[in-house]
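Right, one structure below, let's go through it.
The values are calculated or read from the model by the stated rules, or taken from the named source; none is laboratory data. Source: prediction; values computed, not measured. Glycine also receives a Cβ, built like all others from the backbone with ideal geometry; neighbour counts cover every protein chain displayed. Note: areas computed on protein heavy atoms with side chains; ligands, DNA, RNA excluded. Shrake-Rupley method; radii C 1.70, N 1.55, O 1.52, S 1.80 Å.
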Amino acid sequence: MLEKTLVLLKPCTFERGLIGEIINRFEKKGLRIAGMKMLQLDDEILAEHYAHLVGKPFFGILKESMMRTPVVAMCLEGVDAISVVRTMTGSTNGRNADPGTIRGDYCMSNQQNIVHASDSPESAQAELNRFFRPEEIFDLGSLNMPRLYALDEV
Ligand code: TYD
């Protein structure tokens, strides 16, 4: 099924000059960029975004690290995009993430781990609504679809 998912390029990625390189990996894979912008996160949006982690001892430093610079938010689209992007992202801790995944190739940390990616259809929907207004996500129509997929895949 054609899906949309949310990716955040975290402050560590911005600071390390890796924004273009990470966007390039998603583009080369064949995911279509349906929305993209820079934004500064704050306490309120992070308490919502990381609601499942609010009670954890690392929540304070996680929040600080996510507010250090602006982030880049992307809406990526493709067949099974949610699981494809999670697979590309790799395990949370970069030290354990498989080589070939983004976290496996670009980081050594459990927290400074380059990207956030939605983990289910429900969270993709909620997270896209959290970070994008409807008019900021574009209808790409059939753009490039015949090159990306067989006729019976879409
Ligand atoms: P989580 O939703 O568990 O992982 P993922 O990003 O792989 O979906 O955690 C969200 C973020 O919280 C994670 O990317 C980095 C941070 N985090 C820590 O700083 N320390 C930890 O022990 C864990 C589990 C997460």
Can you name every residue in segment 106-129 that is more than 13 Å from the chain's Cα centre (by Cα), more than 12 Å from the ligand (Cβ to nearest atom) and open to solvent by less than 80 Å² (accessible area, probe 1.4 Å)?
Tyr106, Pro121, Ala126
Quick check, is Val84 without any contact (Cβ under 8 Å) to a residue 60 or more places away in the chain and either farther than 30 Å from Glu135 by Cβ or open to solvent by 50 Å² or more (accessible area, probe 1.4 Å) (or both)?
no
Kindly indicate whether Thr69 is open to solvent by 60 Å² or more (accessible area, probe 1.4 Å), assigned to a loop (DSSP other than H, G, I, E, B) and either among the polar types (S, T, N, Q) or without any contact (Cβ under 8 Å) to a residue 60 or more places away in the chain (or both).
no
I'd like the residue in segment 49-96 that is in contact with a strand residue (DSSP E or B) (Cβ under 8 Å, 6 or more places away or on another chain) and of a type in the set (Asp, Glu) and, out of all such residues, is farthest from the ligand (Cβ to nearest atom).
Glu77
Mind checking whether some residue in segment 39-61 is under 30 Å from Asn144 (Cβ atoms), surrounded by 13 or more Cβ atoms within 10 Å (Cβ to Cβ) and more than 13 Å from the chain's Cα centre (by Cα)?
yes
Just give me the residues in segment 96-154 being among the acidic types (Asp, Glu) and part of a helix (DSSP H, G or I), in sequence order.
Asp105, Glu122, Glu127, Glu135, Glu136, Asp152, Glu153
Residues located in segment 28-37, provided they are open to solvent by 30 Å² or more (accessible area, probe 1.4 Å) and either within 16 Å of the ligand (Cβ to nearest atom) or under 13 Å from the mean Cα position of the chain (by Cα) (or both)
Ile33, Met36, Lys37
Search result, residues across segment 1-50 that are part of a loop (DSSP other than H, G, I, E, B) and in contact with a Leu (Cβ under 7 Å, 6 or more places away or on another chain)
Gly30, Leu31, Tyr50
